[in-house]
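This report refers to the structure that appears directly beneath it.
The values are calculated or read from the model by the stated rules, or taken from the named source; none is laboratory data. Model, not experiment: these values are computed from the prediction. Cβ coordinates were reconstructed from backbone atoms using ideal geometry, including for glycine residues, and neighbour counts include every protein chain displayed. SASA here: full protein model, heavy atoms, side chains in, ligands and nucleic acids out. Shrake-Rupley method; radii C 1.70, N 1.55, O 1.52, S 1.80 Å.
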Amino acid sequence: MARQRNRESTPENPAEEVRTRFLTITKEANLDQKTCQNVYTFFESSHVKYSMEGDQMDWLLPGAYAHAISVKPAAFESRIILLRLLRATSLSVPNFYARLKNGCDICNLQTAARDTFLHAERYFQISRTIFERFEQMFMCVFRDPLDGDQMELVLPRAMELRGKKKINFPKIIQSVDVYVFAWDLFVRARRSAVVIRDDLVTCYHLLICVMDCVCSNVLAMKRSELLNPGCSILPVEAEEGAPHKYFSLRPYLCAKFEGINRDCDTLYQNCFLPLMAQLVKDQELSSSTVPGYLELMSEDNFEKNLRGINTHYENLIRVACLADERVLLVSQDVAAPGAGGDPMNVIDVIDTMKERRKIFPTANRKLELNDFKTPTPVMLSPTVAPTPLTPSSSCSALQQRSAHESVKSPPLQTAVDLVTQLTNLVSGRTHAPSEKLKEIIILLYEGDVTPRFVERVSNYREKLVTAYIQACDPSGLAEPYMRQRFMFAQTWYFKLVEDMLVSERNRNTPLPRIKNLAESEKFHISLFALAAEMVLFSYNCSKMFPWPIEVLQLSPYDFVRMIEPVVLLEQLPKQMIKHFGRIEETIYEQMVWKADSPVWAEISSVEADVMTARDVCWSHNLEDNPASNKPNPGDSKHGRRSGAPLVPTAAPSSSQNATGSNVAPAKAQKNTAVCLFFRKIYVLAGVRLRDICAKLGFDKDVERKHHVFQRMFTLFENAITLHTDLLKDRHLDQVLLCCAYVVSKLETANGLAKSFHLIMNAYRFQAQAESRVYRSVLISGPDAGSAEPEVRADIITFYNQVFVRVMQGFIAKFSPKKKGQATPGGVILSPVPRVPGRDTRRQIHPAAKIYLSPRKVEPPAAVAMPPPTNSRVLTFTFGVTGQIDSLISANAAKQGGTPLPGGKRVAPASSSGSGDASLPAPAPKKPKKEKKVPPPPIIRPAISPRIAARQAAAALANGLPPPLAEPPATATPAVNFQDAAMPASL
């Protein structure tokens, strides 16, 4: 033992070297040494539970930084130099933030620290996205810093900087100096623009304003050699002594790089100019031409201005615990930037640009501006795409699309396109009710009460504007900009109200019911919250769901009931539909189960007997399984609540809720809000349980023999109907994981048992999985009037202390009666919902009248039915031999020509003078002896829509015109919602 102690105290011990290096680095970065000692001791003990691969500094330094931030109060001004920690590791900035999350999980830090790091990660991600567009803009407007003449001017200064720590700035700037100054000015201005700095689209418009300001300064200095010679839109240099004429680059940049000119102008007038005035007033910038700010880069002001904005920026990001955005100037890989050289040193910037050109030859290519058109806003049609969107697009179309998308950054492109599409969908509308909506209001109220609607929505709008300004910008600098944004939400609100009332009117809903709907306060608050969420999401704001419903004091349960009707009525962009789908899942999995949720009052008003999957789901949305159809006479006490037989053993009366119920009452209940709520819960639970079973290896053969998935779902159904309090203040996935473990544990005799560890690994791969779901589970909450704090623990403690005690009676009935028995003898398994999917046809491309329908399982009597008699519809079945030839012949006959083998047509003999008449006709085939055979059945193989679209476009490529088909009656958005909610249920 003495030898062991001597070896540990030796300096050559690797552990001691790591500890010494760790304490040295943290001291240089201004971290508290006592905190670092505790972190190092904690990480040494954590090696028993966690596997930390790679360099130990890559784990210790993020953990020390996370712990140092978490132990300080919220108003603490950090003096930690994050850039020094980054340079001491081999991690990029995104990977450093990923290790911060791991450190929070290992150290079990507070929620406030996690939120701080999430905000910092999002803040840096926005800058990383915008930097890609910044380089493209700079190469369009200014000279490339790597051009030969520019390098000759910078090379002497670069040689002087080698080996020197002090950076000297030139009197006469070059292109690389403009490059550094423009980005530094943007990151500094963004940090002061509090209300807009977390919005991707708004920050992009701020970059356009900065580029416009820098270009104006270069033009004012008459340094045309710094401008791109291929930029045809820039004005010609004025003569000596001539007054400078203001030139605005913003409209052209918006037209070239998909900006929104209206929003950019509003931002320039209401935010950028006051912000520049404030920087000049605080002496961070020096300029004698106010408000033009045209001497920022003059010989007298350049060095002072560059040092001023960088010094203040360093202090701001250190206090806010943010990463340095200037590292993007010296990072070879923008996708994974790290702490490389000095962003203030031009030689490091030039070397980085050279290496980046070698790694990504096309990333920073020169873009000429000769194709600049009239500065008009880019408007994207919501129905017509610029190029075909099918996988079978021609090579020319794919090249055109590639060239079109090569100058775009996907996150930024998505955000700008969303704003543009939402603007197009309400084109022609104003912030007031339309004439059609006024007519409906007059019809309902027998008078014009439109001012009441306007006053109501004005109150909603002012609440959101006031809350946003108070939370993000107490000075009110960008209040006009945010007010314009919520006026856009008001326009969408009136459109939603109009479409909702018209839809109810078209369904022949009685006028009194429509009037009750129009007078419902929850109805209007929900629609305005939806409109506000659409606008906030399209601009990629930091204040998104659940912020609007919190400000408007709307419960998530009331809000989620309006999502599906809106999605089904409006032709929303695909990204918006996905966003609403994620919101719906978030509400149903956790938010709706809060103790103060109104759903508990709804549940208490109905009996648990009628809330099973069979009662709330439509029959065509349930999977038929033989295990669900076998009645069990011995389970008369709890059989109805755990699963009802499809065919009852005896004809029950209407009051027999314990053993069975009539079909009519169950159908009558399926249109209520509670049934819709449970239907959504069952579908969501079924999808997640099915995914866990697939990842655990329970395939179709195992399910057919042992019914593992169906038993998990039956157990969950019993828990949610009879023991609904298990979900109060908890997460839906916590109960699902317990159900999965119970059923898996019961399969030990069959060799299918899975440990909790394997189940957790399968769960972690789901998109919504978070560590807090299984690390922090409510064990016991404080009672009313009690001062006892709530107790939380991990999922295993919840399973042992809460779930098993509540469900042990039903679990005992779940156990097989004998070894190897396929299904339990005491429980009738419940039917499970089908996987949600689209039931309507969809058009593969707006330019082609081709519609795809999902494969349907038809009854045997309908398989051999002849094709429809409608002569305008040409039916094509994929995978059937000879279908293409017959379809080509049919189209050629309708066109009046003869088909050729390549798909071309030969004009009939009567059409003389035609170019196709000289083509040789195909050799006639010998007639074969006809056989009387029955017509072949229609084969509909289960192929994906993508493959179907490719095969359909291949037929078109052979010269076949698009086949005519009956378009759907209504264009329903592609959304994975089922059974639309009745708005009148409010």
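Whole-Hz Karplus ³J(HN,Hα) for region 519-524, in order, using 6.51 cos²θ - 1.76 cosθ + 1.60 and θ = phi - 60°, x for Gly and Pro?
With the stated coefficients, region 519-524 comes to 8, 6, 5, 5, 4, 6 Hz.
Please list, in order along region 597-602, the HN-Hα scalar couplings obtained from phi with the Karplus expression 6.51 cos²θ - 1.76 cosθ + 1.60 (θ = phi - 60°), rounded to whole Hz, x for Gly and Pro.
Couplings: 6, x, 5, 5, 5, 5 Hz.
Which percent of the accessible heavy-atom area of region 410-591 goes to carbon and sulfur, probe 1.4 angstrom? Each step should come with its number before you reach the end.
On the way: 3570 of 7030 Å².
Carbon and sulfur together cover 51 percent of it.
Considering amide H positions built from the backbone, and no H for Pro or chain starts, which residues 5 or more places from residue 792, or on another chain, come under 5 Å of its amide H?
779
Using modelled backbone amide H atoms (1.01 Å from N, in-plane), which distant-in-sequence or interchain residues come within less than 5 Å of residue 622's amide H?
So residue 622 has HN proximity to 834.
Using alpha-carbon pairs under 8 Å, 6+ residues apart, how would you state the relative contact order of region 289-346 in percent?
17
What's the Cα-based Rg to Rh of region 13-109, Rh via Kirkwood?
Across region 13-109, the Cα-based Rg/Rh ratio is 0.93.
With +1 on each Lys and Arg Cβ and -1 on each Asp and Glu Cβ, how big is the dipole of region 13-109 about its Cα centre, in debye rounded to the nearest 20?
Using Cβ point charges on Lys, Arg, Asp and Glu, region 13-109 gives about 240 debye.
Rounded to the nearest 10 Å², what accessible area does residue 555 show when all protein chains are kept and the probe is 1.4 Å?
Accessible area of residue 555: about 30 Å².
Rolling a 1.4 angstrom probe over the protein heavy atoms, how many square angstrom per residue are accessible across region 13-109?
I get 51 Å² per residue for this part.
Let's see if you can work this out: charge +1 on each Lys and Arg Cβ, -1 on each Asp and Glu Cβ, no other charges. What is the dipole magnitude of region 410-591 about its Cα centre, in debye to the nearest 20? Intermediate values should be presented prior to the final figure.
On the way: 20 positive and 22 negative charges, 36 e Å.
Charge dipole, region 410-591, about its Cα centre: 180 debye, nearest 20.
Taking 0.36 nm per intervening residue step and subtracting the Cα-Cα distance, what contour gain separates residue 506 from residue 806 on full extension?
Answer, rounded to one decimal: 103.1 nm.
Using the Karplus curve 6.51 cos²θ - 1.76 cosθ + 1.60 with θ = phi - 60°, what ³J(HN,Hα) values do you get for each residue of region 549-565, in whole Hz, with x for Gly and Pro?
The phi angles translate into 6, 6, 5, 7, 6, 10, 6, x, 5, 6, 6, 5, 5, 9, 5, 5, x Hz.
State, to one decimal in nm, how far the label point of residue 342 lies from the label point of residue 30, with both points 7 Å from Cα in the Cβ direction.
1.9
Relative contact order of region 13-109: what whole-number percent is it, with Cα pairs under 8 angstrom and at least 6 residues apart? List each step's numbers first, then the result.
Working: 79 pairs, mean separation 34.2, N = 97.
Averaging sequence separation for qualifying contacts and normalising by length gives 35 percent for region 13-109.
For residue 246, what accessible surface area do you get with a 1.4 Å probe? Give it in Å², rounded to 10.
Solvent-accessible area, nearest 10 Å²: 130 Å².
Rounded to the nearest 0.05, what FRET efficiency do residue 303 and residue 705 have when you use their Cβ-Cβ distance and R0 = 56 Å?
E(calc), rounded to 0.05, equals 0.10.
List the pair-distance distribution P(r) of region 410-591, using every Cα-Cα distance, as the percent of pairs falling in each 10 Å bin from 0 up to the bin containing the longest distance, rounded to whole percents.
9, 37, 37, 15, 2, 0
Give me, ordered by chain and number, the residues 5 or more places off residue 142 or on other chains with an amide H under 5 Å from its own placed amide H.
Hits under the 5 Å cutoff: 228.
Kirkwood Rh, region 705-752, all Cα pairs: how many Å?
Radius from the Kirkwood sum: 11.3 Å.
Which whole-number percent gives the relative contact order of region 410-591, counting Cα pairs below 8 Å spaced six or more residues apart?
Once divided by the residue count of region 410-591, the mean separation gives 27 percent.
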